[in-house]
Amino acid sequence: VGSNVAFQSRNVLSKKIFRESDAPLDNVNLFALMSIIGMAILAPFSMAQAVFTPFVATIPNAELARLLFLGGICRCADVLVSYMILQRVSPVSHSVGNCMKRAIVICSSVVIFQTSMPFLNVVGTVIALVGVLVYSLVTQACKHNYFGADHPMCRPVYELELTGGAGI
């Protein structure tokens, strides 16, 4: 739950803050700035962990470097695609989609790798899926005007001008 709140808050706030600035940043520069800020915040913790936690590599250094490089490329691509999607939909829609993605990854790992899940994790995953369902139902109701014209639940978040009919 904590990581979902942190990641979604970062997406929504970065989009809102940097879009309203005098010189709005494009997606790539926004990603670069957020990465630099994140590195500056986490570098001291990473260095402290490296000093106080002994690490014994069980794979050759070349293989470790290759895997770290591939992981970094995949994460970079994931974030860039995330910002491209965020440009086309509202921040709330993006966050809901991201929660759904996380729930699918968790459920897939349980099925494919036969990972056991504690009861609290099951409850959290179910809450995420139910939240996505409720959001989808409200979105459809707004699109079909079931709540009435100009209902507050159906207004675009932050009243941003969004492309492609993106609103709620």
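Subtracting the Cα-Cα distance of S108 and L70 from 0.36 nm times their residue separation leaves 11.5 nm of extension gain.
In the context of the full protein assembly, M34 retains an accessible surface of approximately 50 Å², using a probe radius of 1.4 Å and ignoring ligands and nucleic acids. Each residue was assigned an accessible area with a 1.4 Å probe, and for T58 the value is about 130 Å². The slack in the chain from N29 to F52, taken as 0.36 nm per residue of separation less the alpha-carbon distance, amounts to 4.8 nm.
C142 to F45: FRET efficiency via 1/(1 + (r/R0)^6), r the Cβ-Cβ distance, R0 41 Å, to the nearest 0.05? My answer for the efficiency is 0.45.
Largest accessible area first, the listed residues H151, H94 line up as H151, H94 when surface is computed with a 1.4 Å probe on the assembled protein chains. Here the extension length gained between V126 and A6 equals 41.3 nm, from 0.36 nm per residue of separation less the Cα-Cα distance. Computed over protein heavy atoms with a 1.4 angstrom probe, the accessible surface ordering of D26, D150, largest first, is D150, D26. Taking every pair of Cα atoms in region 62-134, average 1/r, invert it to obtain the Kirkwood radius, and report Rg/Rh to two decimals. For region 62-134, the value is 1.07.
The values are calculated or read from the model by the stated rules, or taken from the named source; none is laboratory data. Here the structure is a predicted model, which is why all the values come from computation and not from measurement. Glycine gets a Cβ as well: all are built from the backbone with ideal geometry, and neighbour counts include every protein chain shown. For accessibility, only protein heavy atoms count, side chains too; no ligands or nucleic acids. Shrake-Rupley method; radii C 1.70, N 1.55, O 1.52, S 1.80 Å.
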